[in-house]
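Beneath this line is the structure, given in structure tokens, with notes to follow.
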Amino acid sequence: MSADGMLADADGVQPPGLLIEADQRFFEDKLDAADLIVHGRNSVEDKRNSPSRKRITATRKIDGVERDPSNPNGVLWNPQTSPFEQAAKLLGVEAGAVAVIGGTAVFDLFLDRYSTFWLSTAPLTRLPGGVPVFSGVPTATPADILARHGLVLTDTRLLDPTHEVRLERWVRA
């Protein structure tokens, strides 16, 4: 995210200042370790192993849960009408690591369920009026929102010294 808590600019585009190689490697490694990926219909996961990953796409354009006609490893899920577990079960996933990759509404859905939330920040990039990581940003900081939902900062590391990108690990208290 940017220094002001944004995932993308006002047009929904991730600018180069958020596309840091070390962060992208970390992201892909975590996706490779996940049993299931969850994202919104506007989020794109276009990594080398993307086609083989089981994924749930959150959308309000359907009622309930159904197979994704464009992806044999995918399910479309309306979180307003069906529980997450129903969507995961349709993919044959009843346990394991779930990677939630956004956007804002999808991140918000899982705030009370995350066991771990990895938050990387590019402090040299600001995106006023952009797409926030969580609803409530910028009135509250992402750290405030994570803490309010029972997560505690346990580790911070520098991912990219040139761009000063840091990675925080937040875990359920």
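The values are calculated or read from the model by the stated rules, or taken from the named source; none is laboratory data. Being a predicted model, the structure only gives us computed values, none of them experimental. Every residue, glycine among them, receives a Cβ derived from its backbone with ideal geometry; neighbour counts consider all protein chains shown. All accessible areas refer to the heavy atoms of the entire protein, side chains included, with ligands and DNA or RNA removed. Shrake-Rupley method; radii C 1.70, N 1.55, O 1.52, S 1.80 Å.
Summary of values
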quantity	calculated
Residue match in the stretch 10-21 (condition: at pLDDT 95 or above and open to solvent by less than 20 Å² (accessible area, probe 1.4 Å))	yes
Residues satisfying the stated conditions in the stretch 136-173, i.e. charged (D, E, K, R) and on the phi < 0 side of the Ramachandran plot	D144, R148, D155, R157, D160, R166, E168, R169, R172
The stretch 103-132, subset under 25 Å from T162 (Cβ atoms) and among the small types (G, A, S), residue surrounded by the fewest Cβ atoms within 10 Å (Cβ to Cβ)	S120
Any chance P69 is open to solvent by 80 Å² or more (accessible area, probe 1.4 Å) and touching a residue at least 12 places away in the same chain (Cβ under 8 Å)	no
Strands (runs of 3 or more DSSP E) fully within the stretch 73-173 counting 2 or more residues that are in contact with a Ser or Thr (Cβ under 7 Å, 6 or more places away or on another chain) and touching a residue at least 60 places away in the same chain (Cβ under 8 Å)	165-172
Residue among R41, R55 that is within 20 Å of T116 (Cα to Cα), open to solvent by 10 Å² or more (accessible area, probe 1.4 Å) and either within 18 Å of the chain's Cα centre (by Cα) or modelled with pLDDT of 95 or more (or both)	R55
The lone exception for Q80 - which of (1) at pLDDT below 95; (2) open to solvent by 80 Å² or more (accessible area, probe 1.4 Å) it fails	(1)
Within the stretch 133-148, considering residues that are under 15 Å from R169 (Cα atoms) and of a type in the set (A, V, I, L, M, F, W, C), the one most open to solvent (accessible area, probe 1.4 Å)	A147
Hey, D4 under 18 Å from the mean Cα position of the chain (by Cα) and in a helix (DSSP H, G or I) or not	no
